[in-house]
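To start, the structure itself, in structure tokens.
What follows is calculated from the coordinates using simple rules that are stated; it is not laboratory data. Please read these numbers as outputs of a predicted model, since none were measured by experiment. Don't worry about glycine lacking a Cβ; one is built from the backbone with ideal geometry, like all the others, and counts go over all protein chains shown.
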Amino acid sequence: MRVAIVGASRNRAKYGNRAVRAYLRQGHEVFPINPFAEEIEGLRAYPNVTSLPEGRLDRVLLYVPPEIGIKVLDELANREVGEVWANPGSESEELFRKAQELGLKVIYACAILDIGESPQI
């Protein structure tokens, strides 16, 4: 699975970093997105969705405040995207409404738990 993690962090205590490590452990192709980092957990970090390599993104995980997530949705509208996961803290009614307008499938849940990992690691 190709997974973009918006709000990936170099700080190993943050959920955006925990998600990077969890998805890597599960063998997924991970694209960390953070405009202030060049590398996260040994992977090249990208400043935004539009700078990612071409191709389908099976999952996009949001670990950013809703107002940033809404802007990311606009970038995703021009890509082939399977699912957008609004992790706790990244959700808002406006974000869900915007995703629906753009035809994006949004799931509000912990994307780390979904793959059988613990977000507490």
### Task
Run the dipole for the chain about the Cα centre, Lys and Arg Cβ at +1, Asp and Glu Cβ at -1, nothing else charged, and hand back the magnitude in debye, nearest 20.
340 debye
### Task
Give the relative contact order (percent, whole number) for the chain; include only Cα pairs under 8 Å separated by 6+ residues.
24 percent
### Query
What angle, in degrees between 0 and 90 and rounded to the nearest 10, separates the Cα long axis of helix 15-25 from the longest principal axis of the Cα atoms of the chain?
70 degrees
### Message
If you scale each eigenvalue of the Cα gyration tensor by 5 and take the root, what three semi-axes come out for segment 1-104, rounded to whole angstrom and sorted largest first?
### Response
20, 15, 12
### Message
Considering only C-alpha atoms, what is the centroid distance from segment 1-29 to segment 53-89, in Å?
### Response
14 Å
### Query
By the scheme Lys and Arg +1, Asp and Glu -1, what is the net charge of all other residues having a beta-carbon under 13 Å from that of I112?
+3
#### Entry: Difference of contour (0.36 nm per residue) and Cα-Cα distance, T50 to R97
14.7 nm
### Message
Quick check: residue separation of A109 and R79 times 0.36 nm, minus the Cα distance between them. What number comes out in nm?
### Response
8.6 nm
### On Cα atoms only, tilt of 66-76 relative to the major axis of the chain in degrees
80 degrees
#### Entry: 0 to 90° range, to nearest 10: angle between helix 93-102 axis and the chain longest Cα axis
70 degrees
### Partners for K98 among aspartates and glutamates (Cα-Cα distance below 19 Å; same-chain residues under 8 apart left out)
E67, D74, E75, E80, E83
